[in-house]
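Asks: Once you've had a glance at the structure underneath, I'll fire off some questions.
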Amino acid sequence: MTALRASRRRIEHWDPEDEEFWERTGKHVARRNLVLSVLSEHIGFSIWSMWSVLVLFMSPAIGLGFAPSEKFLLVVTPTLVGALLRLPYSHAVTRFGGRDWTVFSSALLFVPALLALYFVQRPGTPLWVFLLIAATAGVGGGNFASSTTNIAHFFPRRHQGWALGLNAGGGNLGVAVIQLVGLLVIATAGDTHPAYVIAAYLPLIALAAVLAALGMDNVDTGPAGSGTLREAAGNPHTWWISLLYLGTFGSFIGYGFAFGLVLQNQFGSTPLEAVGYTFLGPLLGSLSRPLGGRLADRFGGARVTFWNFLAMGAGTLLLLVASAHHSLALFVAVFTVLFVLSGLGNGSTYKLIPVVFAGQAEAAVTAGHDATEAFARARRLTGAVIGIAGAVGALGGVVVNLAFRASYGSQGTGEPAFWFFLAFYAVCVTVTRLVYLRAPHGTVPGEARDPRRAGRGAAESSEVTRA
């Protein structure tokens with residue numbers, strides 16, 4: 001511990017799979033970094049999703065009377081930019097270090113916040129200006145990839161389902177919290193003061209950057225190599241998992257950004273009513289993500305993901321029933337359940353990433369390859385795939401919002417979009433079944449021993465994939 005504290009800015013030796021090292025020193029350092037990572041990512045998510053709240057304020061009363069299709073476009077823009085930034089953000093952790101990049105990426109959140117603060121209450125501001133400002137909010141979405149990649153390096157794979165779920169769940173809470181802030185502003189100051197929502201986050205951005213500088217560590221994981229991303233892109237599991245994450249995280253972030261506008265268009269809800277209903281779903285969905293990781297640790301990521309997509313399909317059918325009967329109570333209740341399910345699926349799907357590549361490392365060792373090299377490769381590929389899957393998953397949020405925009409623009413109802421989502425969930429069920437549960441006994445639990453720890457009597461519970 002002393003040696004690590006003496007070189008806080010960069011830890012050169014880090015082996016969380018060594019149980020003695022983990023119990024003596026590693027877990028304390030990892031948990032400290034996890035807490036500060038969650039804080040930074042949480043605020044990043046809030047800034048990323050702030051336009052889902054700000055559009056509810058936009059009305060002729062403040063000189064910003066945009067059409068529903070234009071508001072959906074404002075919500076889509078930061079989602080798209082955030083998705084595109086996730087790959088470079090993931091790589092940046094390896095290039096600059098988790099601590100240094102967290103400090104920089106946290107401070108960068110001042111740009112979208114200050115721009116929005118200046119323009120959001122200026123009557124007559126054209127749509128294209130707000131689109132540019134909304135695009136800068138995409139930097140908050142990139143924080144997820146760098147944060148998750150960094151935390152994956154800190155924890156042994158037997159704890160990664162829980163750690164990644166907690167890290168991502170704490171970040172996802174930012175979607176719900178900024179909606180709660182919006183609710184508080186509307187309830188106390190009315191729906192003509194969107195700048196108050198943004199102003200509340202300026203000191204929090206500064207706090208996250210300062211705490212990251214003081215308390216986080218850079219971990220030397222070795223050079224990722226220019227071919228790591230290429231190698232990950234050439235692995236079919238990268239794209240199967242990305243497709244599944246498109247269905248889970250894409251649903252969470254897409255629904256989170258669009259739900260308020262959906263309620264306004266589907267049921268004519270006021271801004272206060274919309275924000276009052278929308279915060280609960282993202283809140284519960286964020287809290288359920290660590291549970292999804294825990295369930296995946298216990299029962300297997302593929303099995304949990306499979307049943308989760310079946311439940312999401314059933315929930316979507318109920319949304320169609322609620323829409324047909326114009327039942328606001330059923331609609332909100334089912335949407336809230338879908339948020340919970342998307343959170344569970346986020347945790348279980350992400351658990352597949354380290355499991356799949358650890359399984360490939362074990363196969364390589366069995367074939368006679370060097371154990372240290374095989375598992376180091378697995379960890380590098382895990383980081384790369386986290387970035388790819390995170391980017392693809394965030395693009396799901398773009399798809400969700402574009403589907404709603406087209407659905408309400410052409411039909412005046414969300415039903416065509418719900419049918420589209422139902423079809424996609426059916427595809428995800430099929431992929432999970434055929435790729436990860438197709439072995440004779442399904443996803444086979446086994447004792448996956450890291451050969452570097454042979455002789456210490458430590459084994460990890462893992463999934464052995466046959467694909």
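The values are calculated or read from the model by the stated rules, or taken from the named source; none is laboratory data. Computed from a prediction, not measured in an experiment: that's the story for all the values here. Positions of Cβ are generated from backbone atoms using ideal geometry, with glycine treated the same way; all protein chains shown enter the neighbour counts. Protein only, heavy atoms only, side chains kept; ligands, DNA and RNA dropped before computing areas. Shrake-Rupley method; radii C 1.70, N 1.55, O 1.52, S 1.80 Å.
Asks: With a probe of 1.4 Å, find how much accessible area the chain has per residue, and write the answer as a whole number in Å². Mind showing how you got there, number by number?
Replies: On the way: 17230 Å² over 467 residues.
That works out to 37 Å² for each residue.
Asks: Please find the FRET efficiency linking residue 31 to residue 329, where r is the Cβ-Cβ separation and R0 is fixed at 30 Å, and quote it to the nearest 0.05. Walk me through the numbers on the way to the answer.
Replies: Working: r = 41 Å, r/R0 = 1.38.
My answer for the efficiency is 0.15.
Asks: So for the pair residue 372, residue 96, with labels modelled 7 Å out along Cα→Cβ, what separation do we get in nm?
Replies: With each label point 7 Å from Cα toward Cβ, the separation is 3.1 nm.
Asks: Can you classify segment 290-449 as rounded, prolate or oblate using the Cα gyration tensor, where a ≥ b ≥ c are the square roots of its eigenvalues, rounded means a/c under 1.5, and otherwise it's prolate if a/b beats b/c and oblate if not?
Replies: Prolate shape, in that a/c is at least 1.5 and a/b is the bigger ratio.
Asks: Among 275, 186, 304, whose Cα sits farthest toward the positive end of the charge dipole of the chain (+1 at Cβ of Lys/Arg, -1 at Cβ of Asp/Glu, about the Cα centre)?
Replies: Value computed over the given set: 304.
Asks: May I ask for the angle, rounded to the nearest 10°, between helix 110-119 and the longest principal axis of the chain, with both axes built from Cα atoms and the value confined to 0 to 90°?
Replies: Taking Cα atoms only, the helix is inclined about 0 degrees.
Asks: Hey, any idea what Rg/Rh is for segment 361-401, computing Rh the Kirkwood way over Cα pairs? Walk me through the numbers on the way to the answer.
Replies: On the way: Rg = 15.4 Å, Rh = 11.8 Å.
Checking Rg against Rh, the ratio lands at 1.30.
Asks: Sticking with this structure for a sec: Note down the relative contact order for the chain as a percent, whole number, built from C-alpha pairs under 8 angstrom at least six residues apart.
Replies: 23 percent
Asks: Here's something else I'd like to know. Out of 393, 339, 406, whose Cα points farthest toward the positive end of the dipole of segment 329-418 (charges: +1 Lys, Arg; -1 Asp, Glu; placed on Cβ)?
Replies: The Cα lying farthest towards the positive end belongs to 406.
Asks: By how many degrees, between 0 and 90 and to the nearest 10, does the Cα long axis of helix 371-410 differ from the longest principal axis of the chain?
Replies: Tilt relative to the chain: about 20 degrees.
Asks: Kindly identify segment 176-287 as rounded, prolate or oblate by the Cα gyration tensor criterion: order the square roots of the eigenvalues as a ≥ b ≥ c, call it rounded if a/c is under 1.5, otherwise compare a/b with b/c, prolate if a/b is larger, else oblate. It would help to have the intermediate numbers written out before the result.
Replies: Details: a/c = 3.59, a/b = 1.50, b/c = 2.40.
Here segment 176-287 falls in the oblate category.
Asks: Express the relative contact order of segment 10-144 as a whole percentage, based on alpha carbon pairs under 8 Å and six or more residues apart in sequence.
Replies: Numbers: 133 pairs, mean separation 52.0, N = 135.
Computed value for segment 10-144: 39 percent relative contact order.
Asks: Nearest 10 degrees, 0 to 90: what angle lies between the long axis of helix 68-96 and the longest principal axis of the chain (Cα atoms)?
Replies: 20 degrees
Asks: Order 434, 330, most accessible first, counting only protein heavy atoms with a 1.4 angstrom probe.
Replies: On the way: 434 100, 330 65 Å².
Putting 434, 330 in descending order of accessible area: 434, 330.
Asks: Treating only the Cβ atoms of Lys and Arg (+1) and Asp and Glu (-1) as charged, compute the dipole magnitude of the chain about its Cα centre; round to the nearest 20 debye.
Replies: On the way: 32 positive and 24 negative charges, 71 e Å.
For this selection, approximately 340 debye.
Asks: So, one more: How would 70, 362, 273 rank on accessible area, largest to smallest, probe 1.4 Å? It would help to have the intermediate numbers written out before the result.
Replies: Working: 70 60, 362 35, 273 90 Å².
Largest to smallest exposure gives the sequence 273, 70, 362.
Asks: When the accessible area of segment 220-309 is computed with all protein chains present and a 1.4 Å probe, what percentage of it is carbon and sulfur?
Replies: Details: 2130 of 3250 Å².
Carbon plus sulfur share of accessible area: 66 percent.
Asks: Quick check: pseudo-label points 7 Å beyond the Cα along Cα→Cβ at residue 128 and residue 188, how many nm apart are they?
Replies: Label-label distance for residue 128 and residue 188, simple model: 3.9 nm.
Asks: Same structure, new question: Computed from the mean reciprocal separation of all distinct C-alpha pairs, what Kirkwood hydrodynamic radius does the chain have, in Å?
Replies: Values: mean 1/r = 0.0448 Å⁻¹.
Final number for the Kirkwood radius of the chain is 22.3 Å.
Asks: What are the residues whose amide H is under 5 Å from the amide H of residue 219, where those residues sit 5 or more places off or on another chain and H is modelled from the backbone?
Replies: 11, 98, 99
Asks: Could you give each residue of segment 227-240 its phi-based ³J(HN,Hα) in whole Hz, using Karplus coefficients 6.51, -1.76, 1.60 with θ = phi - 60°, and x for Gly or Pro?
Replies: x, 5, 5, 5, 5, 5, 5, x, 8, x, 4, 4, 7, 5
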